[in-house]
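Structure, as structure tokens:
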Amino acid sequence: MACMSKNNNGNFRLPRSKGTDMATYFTPKECKKKTKRIVLAPVNRQIIEEFIAILGMKEKFEQYDVPMPNKIVMFGPPGTGKTLTAFYLAACLELPLILVRLDAVIHSHLGETGSNIRKIFDYAKTTPCVLFLDEFDAVGRTRDNNDEVKEMARVVNTLLQCLDEFEGSSVFIAATNLEAELDQAIWRRFDTKMIYGMPEETDREQFIRLHLEDFEHEEALHKAASDLLKGCSFADMEQILLKAKRKAIIGDTSLGRVHIEDAYSEYKPKVCL
């Protein structure tokens, strides 16, 4: 996989609003640590690998006058790996991840939200990074169905301008659980789209193996755990497995099906079958 140069956060101040940082900074090393157990659906892994390969072939694409992709939108249920993918891409590109804080960006004062959005994008234009905005529908919501249509229209128009002007060595990633809420003009600005769903059986088993590989456990536990956790998101699976590990540690025994069943019962995940 191709890599890109990274910048040190010490030379750049994160954009601020009313004295508060509008984003959280993660180094490539921190991103790599967070994604050591990532499991991507085959189609999404292929999309990411091609995206990275293209970024490493800039001169060739310029030769054929084919624009470089630099904007990804991801949609799907919570806990299915969208945020983790942003960390993974940052780690692969050896770029810092700038995780936007919506609570600091969105402001009640007229025009302040749009101004904050522009600050965020201006930062990414001058500082190579992976800029990640979760719950993207909060600022990119359709202009047709909103109580504050005029103000939302201003915010969306600012966002459209920022997306049109977005260039350089940074990558912008947006994620949403409510893709139907996004303004259609915003959809068209993204050159790469990724769909996320609940993990299939093979993905569940791979995820479970990664989480149990350094922990003593009963034989054939991966398959039993995969069947039990069917319909769970990756995030819920991780919490249940961590809870089960704690139970095994307290009992000073190897991890077994009973620990996972008890953890599942206590955690009560929202299952989608």
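Points to keep in mind about this one:
- Accessible surface of the chain [probe 1.4 Å, protein heavy atoms]: carbon and sulfur percent: 48
- Peptides 182-190, 75-83 ranked from most to least packed give 75-83, 182-190, packing being the mean of other C-beta atoms within 10 angstrom over each peptide's residues.
- Straightening the chain between ASP164 and GLU59 buys 35.6 nm, computed as 0.36 nm per residue apart minus the Cα-Cα spacing.
- Length released on extending from SER265 to ARG13, taking residue separation times 0.36 nm less the Cα-Cα span: 86.2 nm
- For the residues LYS36, LYS270, a 1.4 Å probe over the protein chains yields an accessible-area ranking, largest first, of LYS270, LYS36.
- Charge tally around VAL73: other residues with Cβ under 11 Å, Lys/Arg +1 each, Asp/Glu -1 each, net +2.
- When the listed pairs LYS29/LYS268; LYS223/LYS270; LYS29/LYS223; LYS32/LYS71; LYS29/LYS193; LYS193/LYS243 are checked against a 29 Å cut-off, the alpha-carbon distance exceeds it for LYS29/LYS268; LYS29/LYS223; LYS193/LYS243.
- Spacing of the modelled spin labels on LYS243 and GLU49, each 7 Å from Cα toward Cβ, amounts to 3.6 nm.
- Simple spin-label estimate for LYS125 and THR253 in nanometres, 7 Å along Cα-Cβ: 6.2
- The mean accessible area for residues of the chain, using a 1.4 Å probe and ignoring ligands and nucleic acids, is 52 Å² per residue.
- Euclidean distance between Cα centres, the stretch 15-56 to the stretch 242-273, Å: 30
- Cα-based shape type of the chain, given that a ≥ b ≥ c are square roots of the gyration tensor eigenvalues and the cut on a/c is 1.5: prolate
The values are calculated or read from the model by the stated rules, or taken from the named source; none is laboratory data. Everything numeric here is computed off the predicted structure, so don't read it as measured data. Here the Cβ is made from the backbone with ideal geometry for all residues, glycine too, and neighbour counts use every protein chain on show. Ligands, DNA and RNA are excluded from the accessible area calculation, which covers all protein heavy atoms including side chains. Shrake-Rupley method; radii C 1.70, N 1.55, O 1.52, S 1.80 Å.
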